[in-house]
Amino acid sequence: MAPGLVCSSHTISGVMPGGPVAARHPFRARVEACAAAGYDGMCLHIRDYAECRAAGWTDADLRRVLDDNGITHVGLEFLTGWDHGTAPLEDTAWRAAEALGARYLNVGAGGETPSRAGFAALCARAAAHDLPIALEIVPWTGVPDLPTALALIDGIDSAGLVIDCWHVFRGGIALDDLARIPAHRILGIQINDAAATPVAPLPKDTLNRRLPGQGDFDLTGFLRALAGTGTDGPISVEVISPDLAAMDVDVAATTTAKAARAAISRAR
C-alpha cells in the first residue's frame, strides 16, 4: 500500500460539485469505506461539515468516527471568495478545522489575481486557528500558474500550495518547474487523469476526470518531479466524474485507491 494516501471530498461524495448537497453518502459510510480501501486520510468539504452538524452530528462525534477508522490525515476544502474580503464560509471553515484536526485549508481564487495584502490577511486569520493555507493553482482563475502562486505565498510561513496534476497538465505547467518548488511549500498533491485533449472548456472539462492511469497524463513524470523536491507528504486522489459519483461508496473507495496505488507504484 502507498503510504499517505488521501481521498478527496469529491472522490467519495457521490455527487457532482455545485449540487444541492455536499455528499450523497452518509459521513460514517464514507469514512468506513475509505478506511477499508486503505486510505489513511480524507479531505472534507466545508459544506460537508456544515451539513453534518445540521443533521445532528457533534464535533466530537465526527472526530471519533475519523479516529476509530484510522483516518490520521485530514484536510479541509475548498474556500473561495476570500479575495474580496472575508469569505462567506470562513467562520465555518475555522470551526471545521478545529473540530476535525485539519492539517490545512485548501483555497482557490476567483477570476482576478488576488492582492498580496488580501491573501496575507486570509493567512493571518487562519493562523489564529493554527491552520496553514494551501493555495491551489487553477488555470481559469486569478492564480493560473506557478509564478503567480509562488509570489502570493512568498514570505508567509503558514502558506503553501496544493499541486493538482489536472491543473498542471491542463495549465501547461512544465514538470521541470514543479521540481524547483521548495519542498516545505508543498502542502498537498492531487492525482487523477484525463484525455490528452480537453473535451470541453476547462471549467467543464475538469468535471470529466478519469482514474489515475486511465488517461493520457504523464503521472509518472509528475510524481517523480515532485518527489525530486524532497516532499514526503501524502498524495490525494481527486477524481471528479459522473461515473464515479454514481458508484456505491465502497466501490468508489476501492476503485480509486487501487488505481492510485498502481500509479504511485509505477512512479517509484
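Readers should treat all values here as calculations from the given coordinates under stated rules, not as data from a laboratory. Everything quoted here is computed from the prediction, not taken from an experiment. Positions of Cβ are backbone-derived with ideal geometry, glycine not excepted, and every protein chain shown enters the neighbour counts.
If contacts are Cα pairs under 8 angstrom and at least 6 residues apart, what is the relative contact order of the chain in percent?
The normalised contact order for the chain reaches 22 percent.
Under 5 Å between amide H atoms, partner at least 5 residues away or on a different chain: which partners does GLY110 have, H built in plane at 1.01 Å?
GLY81, ASP83, GLY142
Scan around ASP164 for amide H atoms under 5 Å from its own, H built in the peptide plane at 1.01 Å from N, and keep only partners 5 or more places away or cross-chain.
Residues meeting the criterion, in which the H sits 1.01 Å from N, are ILE137, GLN190.
Could you give each residue of segment 6-12 its phi-based ³J(HN,Hα) in whole Hz, using Karplus coefficients 6.51, -1.76, 1.60 with θ = phi - 60°, and x for Gly or Pro?
10, 9, 5, 4, 5, 5, 10
Going by average Cβ neighbours within 10 Å, how do the peptides 30-37, 234-241 rank, with the highest at the top?
234-241, 30-37
Under the classification rounded if a/c is under 1.5, otherwise prolate if a/b is larger than b/c and oblate if not, where does segment 5-267 fall, given a ≥ b ≥ c as square roots of the Cα gyration tensor eigenvalues?
rounded
Between ARG28 and LYS204, 0.36 nm times their residue separation minus their Cα-Cα distance comes to what?
60.4 nm
Determine the dipole magnitude for the chain: charges of +1 sit on the beta-carbon of Lys and Arg, -1 on that of Asp and Glu, nothing else is charged, the reference point is the Cα centre, and the result goes in debye to the nearest 20.
Dipole magnitude for the chain comes out near 320 debye.
In what sequence, highest mean first, do 151-159, 196-204 appear when ranked by Cβ atoms within 10 angstrom?
Top to bottom by mean Cβ count within 10 Å: 151-159, 196-204.
Once a ≥ b ≥ c are taken as the square roots of the eigenvalues of the Cα gyration tensor of segment 198-268, is the result rounded (a/c under 1.5), prolate (a/b larger than b/c) or oblate (a/b not larger than b/c)?
oblate
222 nm [θ] for the chain, helices only, -39500 (n - 2.57) per DSSP H run of 4+, per residue, to 500?
Value at 222 nm, helices only, nearest 500: -11500 deg cm²/dmol.
Would you please give the residues with an amide H less than 5 Å from that of CYS43, counting only those at least 5 places away or on a separate chain, with H modeled from the backbone geometry?
Excluding prolines and chain starts, which carry no amide H, the hits are CYS7, SER8, SER9, GLY75.
Where in segment 180-196 does the label zone of ARG224 land, with the point 7 angstrom along Cα→C-beta and an amide N cut-off under 17 Å?
180
Rounded, prolate or oblate: pick one for segment 8-159, where a ≥ b ≥ c are the square roots of the eigenvalues of its C-alpha gyration tensor, a/c under 1.5 means rounded, and failing that, prolate if a/b is larger than b/c, else oblate.
Taking the square roots of the gyration eigenvalues as a ≥ b ≥ c, segment 8-159 is prolate.
Whole-Hz Karplus ³J(HN,Hα) for segment 62-67, in order, using 6.51 cos²θ - 1.76 cosθ + 1.60 and θ = phi - 60°, x for Gly and Pro?
4, 5, 5, 5, 4, 5
What list of ³J(HN,Hα) values in whole Hz, one per residue of segment 86-95 in order, does the Karplus curve 6.51 cos²θ - 1.76 cosθ + 1.60 (θ = phi - 60°) give from phi, with Gly and Pro shown as x?
Calculated HN-Hα couplings, in order: 5, 6, x, 9, 4, 4, 5, 4, 5, 5 Hz.
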